[in-house]
Amino acid sequence: MLDTATSRSFRILEQTGCFSTKEIHSLLQAREQEGGSFLHRCLEVSQLAEEVFLPKLATAMGLPFFSLTRETPGVDVLTLLPAKVVYHYKVLPLQVEAGVLRVATRDPFRSGLVEALQLASGHRIRLGLAPLAEIDKAIKRLYGVGGETIEQLLEESGTQDVDDLLDADPNELDEEASVVKFVNQIIWEAHQEGATDIHMEPMERDLRIRYRIDGVLVSVPLPARLKRFQAAIISRLKVMSNMDIAEKRLPQDGRIGLRVRGEEIDIRVSTMPTVYGESVSLRLLMRQSTLLGMEKLGLSPVDTRKLEKLITRPHGILMVTGPTGSGKSTSLYTYLNTINSVDKRILTCEDPIEYEIPGINQIQMKPEIGLSFAVGLRHILRQDPDVIMIGEIRDRETSEIAVQAALTGHLVFSTLHTNDAASGFTRLLDMGVEPFLVASSIEALIAQRLVRTLCPDCKADTEYAADYLKEIQFPVEKLSETSLYKAAGCEACRNTGYRGRTGIYEILPVTEEIRQHIIGRDPASRIKHTAIRQGMTTLRDDGWDKVIRGITSVEEVLRVTEEEEPAEA
């Protein structure tokens, strides 16, 4: 004979329609004998996703099922439950009516949940169900990242001035201290979101934190009164990166090495004094990330064949150009990884080393002790290399050594900061390299940009006025029956309409006619027009091709490329 509570549980599980009578008895018996998460066992036995099982369970229990993407509780409701309770129990207060607080939870079977929420809020509790992923997102959005940590800090500091918290040596801070925990949460959250940068920017009455995700800055929802702990947070970051915490008037640079769930993260830290305090920028580098294959870079079949020929040349310089954050390093590492073999000796000069590739000798530049690109490159040439990669050509000395290396039988990869491929030649000439050396050493210049790819879950058909497409020089004749797509926005893509990035490319091989332009010091525009006549696809044209294929949007291509100049007669 089942007791009342067990009998009720039996009826609830039976009404979900997800279990046989034998499975229900087995579940209830295991619950009594072993404890543990009853909901987790139910999900395992039913073999249903949480989003499918919870609505059935809500109906069986007579509870509402919430979609939290549409729920926006007021501040007065959110303050009824402390942030530490919300984070600990993974619940979200939604509304209060006649002294009853409606709370969304994933697990209605959790022992003592209702009693704990009543004690914390002082209200009677009525539960509703929602998936854990939605609850987590809503908590971060409404309470802010690290909300419970800041609440704990406020409790610990009380009426004490925050500057007093900094009197102690930060090196002696306990690892569980709230400031340490908050900084770790911010870095971990950025890593989870796939951010490449974290920016902490002091404002007059606030401390703003933003992540750069897919090349675009995104504001991070933060707890209220975070400004009060600005000095403590920045001091913690400076301690982690071995900076002078007493020096607040000068910019500083440092590094943090972290191990997160078996993955090494190298963080470059830069501080800059501003009107309202020190601004801190963190660049996250995944040193052991899985390298992309050539097929994942977003190259067209024609460009892939061109590049495969270029990266297997016996000598010469292959230069990748583009602004900061355009994926130059990722492309170079991919090329090196593609040609990496036992019969090739590959050495690199880098600052910093962003990826570690087995079988390649990678050298970290240290300008502070005199190990610059030029010095490193000069010594690398005595190491009998077949292939050399230089992180960036920044000055005349480095560029001249790179040219000499190419002319003496080495294949050299490097990067330049220019807007298009043709401008790379004029940049090298401006550095003081002789035109005949540039013409005879460089095999090709590759310009690239990164465009965000449309979210496959929510991209929508769209139409543009014919006059607008003509104005932006869109190749309408290639459209035929293909639809154009726009970014719509959904939960999967954080309502941006985009998820992930791909490259657009402009590959300019050096032909005999291009060499004559270089020797004659012709302008970049003339070199570019000759290259287009010889079959080069421009950045914008490659972008249009990806728009026609439904990979990205018209707006995204316009965002990262410049308008093409009319060709010369």
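Within the range 200-221, which residues are under 23 Å from R452 (Cβ atoms) and either surrounded by 18 or more Cβ atoms within 10 Å (Cβ to Cβ) or without any contact (Cβ under 8 Å) to a residue 24 or more places away in the chain (or both)?
The answer is R208, I209, R210, Y211, R212, I213, D214, G215, L217, S219, V220.
List every residue pair whose Cβ atoms lie under 6 Å apart, where the two residues are 6 or more positions apart in sequence or sit on different chains, the first residue falls within the range 88-115 and is free of Cβ contacts under 8 Å to residues at least 12 places away in the same chain, and the second residue, located anywhere, is in a loop (DSSP other than H, G, I, E, B).
none
Please verify whether the range 457-464 includes one or more residues that are under 21 Å from T561 (Cα atoms) and among the aromatic types (F, W, Y).
Yes, that holds for at least one residue.
Can you find a residue that is part of a helix (DSSP H, G or I), touching a residue at least 24 places away in the same chain (Cβ under 8 Å) and surrounded by 18 or more Cβ atoms within 10 Å (Cβ to Cβ) anywhere in the range 240-258?
Checked against the condition, which is being part of a helix (DSSP H, G or I), touching a residue at least 24 places away in the same chain (Cβ under 8 Å) and surrounded by 18 or more Cβ atoms within 10 Å (Cβ to Cβ), the range 240-258 yields at least one hit.
Which ranges mark the helices (runs of 4 or more DSSP H) fully within the range 483-558 that have 1 or more residues being in contact (Cβ under 8 Å) with a residue 60 or more places away in the chain and closer than 23 Å to K328 by Cα?
Filter on the range 483-558 gives 524-533, 539-548.
Only one of (1) more than 18 Å from R124 (Cβ to Cβ); (2) crowded, with 17+ Cβ neighbours inside 10 Å fails for H88. Which number is that?
(2)
Would you mention how many residues in the range 373-388 are farther than 11 Å from H315 by Cα, in contact (Cβ under 8 Å) with a residue 12 or more places away in the chain and out of contact with any Cys (no Cβ under 7 Å at 6 or more places or on another chain)?
So the count comes out to 6.
Would you mention how many residues in the range 450-474 are of a type in the set (V, I, T) and within 27 Å of the chain's Cα centre (by Cα)?
Here the count works out to 2.
Return a yes/no flag: does the range 456-473 have any residue that is touching a Pro at 6+ places or on another chain (Cβ under 8 Å) and open to solvent by 20 Å² or more (accessible area, probe 1.4 Å).
The answer is no, given that none of the residues of the range 456-473 is touching a Pro at 6+ places or on another chain (Cβ under 8 Å) and open to solvent by 20 Å² or more (accessible area, probe 1.4 Å).
Please specify each residue of the range 324-344 satisfying the condition of being under 23 Å from R394 (Cβ atoms), in a helix (DSSP H, G or I) and not polar (S, T, N, Q).
K328, L332, Y333, Y335, L336
For the range 271-283, which residues satisfy the criterion of being over 15 Å from I209 (Cβ atoms) and either in a loop (DSSP other than H, G, I, E, B) or open to solvent by less than 60 Å² (accessible area, probe 1.4 Å) (or both)?
Hits for the range 271-283 are P273, V275.
Quick check on this structure: which one of L347, L381 is part of a helix (DSSP H, G or I) and among the hydrophobic types (A, V, I, L, M, F, W, C)?
Answer to the selection: L381.
Looking at the range 108-121, which of its residues are surrounded by fewer than 16 Cβ atoms within 10 Å (Cβ to Cβ) and either modelled with pLDDT of 90 or more or touching a Lys or Arg at 6+ places or on another chain (Cβ under 8 Å) (or both)?
Within the range 108-121, E115, Q118, L119 qualify.
Of everything in the range 454-482, what is more than 25 Å from K296 (Cβ to Cβ) and of a type in the set (S, T, Y)? Give them in sequence order.
T462, Y464, Y468, S480
The values are calculated or read from the model by the stated rules, or taken from the named source; none is laboratory data. Since we're looking at a predicted model, the values are computed, not measured. Cβ: placed from backbone, ideal geometry, glycine included. Neighbour counts: every protein chain shown. We work out accessible area using only protein heavy atoms, side chains counted, and drop any ligands, DNA or RNA first. Shrake-Rupley method; radii C 1.70, N 1.55, O 1.52, S 1.80 Å.
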